[in-house]
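Below is one structure, written out as structure tokens, with a few remarks after it.
The values are calculated or read from the model by the stated rules, or taken from the named source; none is laboratory data. Note that the coordinates shown come from a computational prediction; the quantities given were computed from them, not determined experimentally. When we count neighbours, we look across all protein chains shown, and the Cβ atoms used for this are built from the backbone with ideal geometry, even at glycine.
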Amino acid sequence: MEEIRWVKIFDHPEALEKFVPRSKINTIVVEGKKICLAHTSKGVFAIQDKCPHNGASLSFGYCNDEHNSIVCPLHRYHFSLETGRALSGVADAGRTYPLKTEANGVYLGFKEYKWDWKFWK
């Protein structure tokens, strides 16, 4: 069974907007994971920093607003900010992380899988 564990990354939405302005990328480290935050016209998205194709840091790439993607600086492969899938080139999908805004802050979600032992009975 999949569950999402939410980790607070900013105290309020304005801090997120300041940290990653529109059409920009910035990185954060949460629980030892380096994560890109990319801001397009569709909002702010979180994706792993390491390019799934060749390991380059996606944070050195750029946002493509037209395709809502992040572009790897090394081979210029585009990765969807919504799904992590490669939109160009031949590459695996990158891991994306959900973001949510609450009254008391902005949260990043980590998917966790837990066994439902009732299923096996």
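Restricting attention to the range 90-106 and to residues that are more than 12 Å from residue 8 (Cβ to Cβ) and among the β-branched types (Val, Ile, Thr), the residue that is modelled with the lowest pLDDT turns out to be 90. Scanning the range 19-69 for residues that are closer than 14 Å to residue 96 by Cβ, part of a loop (DSSP other than H, G, I, E, B) and at pLDDT 95 or above yields 42, 49, 68. Entry remark, the range 86-98: residues being under 8 Å from the mean Cα position of the chain (by Cα) and either part of a loop (DSSP other than H, G, I, E, B) or not polar (S, T, N, Q) (or both) number 3 in total. Among residues of the range 6-20 that are in contact (Cβ under 8 Å) with a residue 12 or more places away in the chain and basic (Lys, Arg), those with a beta-carbon under 6 Å from a residue that is surrounded by 14 or more Cβ atoms within 10 Å (Cβ to Cβ) and assigned to a strand (DSSP E or B) at least six positions away or on a different chain give the pairs 8/105; 8/107. Annotation note: of 56, 38, 15, the sole residue that is crowded, with 20+ Cβ neighbours inside 10 Å and among the small types (Gly, Ala, Ser) is 38. Could you tell me which numbered condition residue 83 fails, if it satisfies all but one of (1) in a loop (DSSP other than H, G, I, E, B); (2) more than 22 Å from residue 3 (Cα to Cα); (3) of a type in the set (S, T, N, Q)? Only one criterion in (1) in a loop (DSSP other than H, G, I, E, B); (2) more than 22 Å from residue 3 (Cα to Cα); (3) of a type in the set (S, T, N, Q) is unmet by residue 83, namely (2). Within the option set 40, 27, 96, being touching a residue at least 24 places away in the same chain (Cβ under 8 Å), of a type outside the set (Phe, Trp, Tyr) and touching a Lys or Arg at 6+ places or on another chain (Cβ under 7 Å) holds for one residue only, 27.
Apart from one condition, residue 112 fits all of (1) of a type outside the set (Ser, Thr, Tyr); (2) outside any strand (DSSP E or B); (3) loosely packed, with under 15 Cβ neighbours inside 10 Å; (4) at pLDDT below 95; the exception is (2).
When 101, 83 are screened for being surrounded by fewer than 17 Cβ atoms within 10 Å (Cβ to Cβ), of a type outside the set (A, V, I, L, M, F, W, C) and touching a residue at least 60 places away in the same chain (Cβ under 8 Å), only 101 passes.
Return the residue satisfying two criteria in turn: it lies in the range 70-80 and is among the hydrophobic types (A, V, I, L, M, F, W, C) and outside any loop (DSSP other than H, G, I, E, B), and of such residues it is nearest to residue 35 (Cα to Cα). Please lay out each step first, then the result.
Step one: list which residues in the range 70-80 are among the hydrophobic types (A, V, I, L, M, F, W, C), which gives 70-72, 74, 79.
If we keep only those that are outside any loop (DSSP other than H, G, I, E, B) too, we end up with 70-71, 79.
Working: 70: 13, 71: 15, 79: 14 Å.
Looking at residues that are among the hydrophobic types (A, V, I, L, M, F, W, C) and outside any loop (DSSP other than H, G, I, E, B), I get 70.
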